[in-house]
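The values are calculated or read from the model by the stated rules, or taken from the named source; none is laboratory data. Quick caveat: nothing in here was measured; it's all calculated off a predicted structure. Glycine also receives a Cβ, built like all others from the backbone with ideal geometry; neighbour counts cover every protein chain displayed. Just the protein is used for accessible areas: all its heavy atoms, side chains included, with ligands, DNA and RNA removed. Shrake-Rupley method; radii C 1.70, N 1.55, O 1.52, S 1.80 Å.
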Amino acid sequence: MSGLQFAHAQSSPCARLRAQVESLSAGRCRLLAVSKLQSAEAIRALHAEGQRAFGENYVQEALTKQALLADLADLEWHLIGPLQSNKARLAAARFDWIHSVDRLRLLPALSAGAQDRARALNVLIQVNVDDEASKHGVLPAAVDDLADAIMHTPHLRLRGLMAIPDPARDPAAAFARMAGLQRTLAERLEGIDSLSMGMSADFPAAIAAGATWVRIGTALFGKRG
Ligand SMILES: *Cc1c(COP(=O)(O)O)cnc(C)c1O
């Protein structure tokens, strides 16, 4: 079957989206299933369809689901929500990736948590790409300093950047700016291979710009709550 062929119509949303992401990205982008406010059983159902990477926003909610899903050894957990300092060590110990690292202060606790689990923690720097005063993330001009600090922190493995562009502005332009920042970082540092951007409403544009993770909730599970 051609790689461009989408899964047929009666397949599940997950199978369709995975095929679409695979096809649009020529295999360079993965689907992160955003399971915040979804049940452990909903995650289990997607796991049965082959989905392995799940994104959660809240540490405590994720820990509850991890306990209910402890029999599934190959789940990959990504924290995509804002990270509170007092949860950083626990998060580092219980997640495989953290997409929302946005300040130096977090690094000692993340390092300690990664050491607790005796594995390197995959880290993305969240970038405030639209320069909004109220949002999380570092400004583009501050990426280099945070990146250098992460590179010098034991047990952390810097993989790239993450952004949540303002949907009211021009997400495609924001995605292009992110791709530029990513290229600059990858030229300077080893191991930079990931770019997390794009959600249900805009993931094709993110993939076109070079996303390696699209974070999709609504289009996968339906509306939350
Ligand atoms: C909720 C959330 C998503 C998923 O958004 P959808 O529009 O439901 O696909 C992606 N990224 C982050 C950071 C989120 O909080």
Hits in region 214-225 (condition: open to solvent by less than 10 Å² (accessible area, probe 1.4 Å) and more than 6 Å from the ligand (Cβ to nearest atom)): V214
Quickly run through region 12-35 and pick out the residues that are open to solvent by 40 Å² or more (accessible area, probe 1.4 Å) and farther than 21 Å from G81 by Cα. P13, R16, R18, Q20, E22, L24, A26, G27, R28
Could you check region 165-197 and list, in sequence order, the residues that are among the hydrophobic types (A, V, I, L, M, F, W, C), open to solvent by less than 40 Å² (accessible area, probe 1.4 Å) and in contact (Cβ under 8 Å) with a residue 12 or more places away in the chain? A174, F175, M178, A179, L185, L189, I192, L195, M197
Please state which of the following conditions S200 fails to meet, knowing it meets all the rest: (1) in contact (Cβ under 8 Å) with a residue 24 or more places away in the chain; (2) open to solvent by 30 Å² or more (accessible area, probe 1.4 Å); (3) under 21 Å from C14 (Cα atoms); (4) in contact with a strand residue (DSSP E or B) (Cβ under 8 Å, 6 or more places away or on another chain). (1)
Considering region 193-213, residues that are more than 13 Å from the ligand (Cβ to nearest atom) and hydrophobic (A, V, I, L, M, F, W, C), and then whichever is nearest to L181 (Cα to Cα), we arrive at L195
Give the residues of region 119-147 that are under 21 Å from R52 (Cα atoms) and either open to solvent by 10 Å² or more (accessible area, probe 1.4 Å) or out of contact with any strand residue (DSSP E or B) (no Cβ under 9 Å at 6 or more places or on another chain) (or both), sorted by residue number. R119, A120, N122
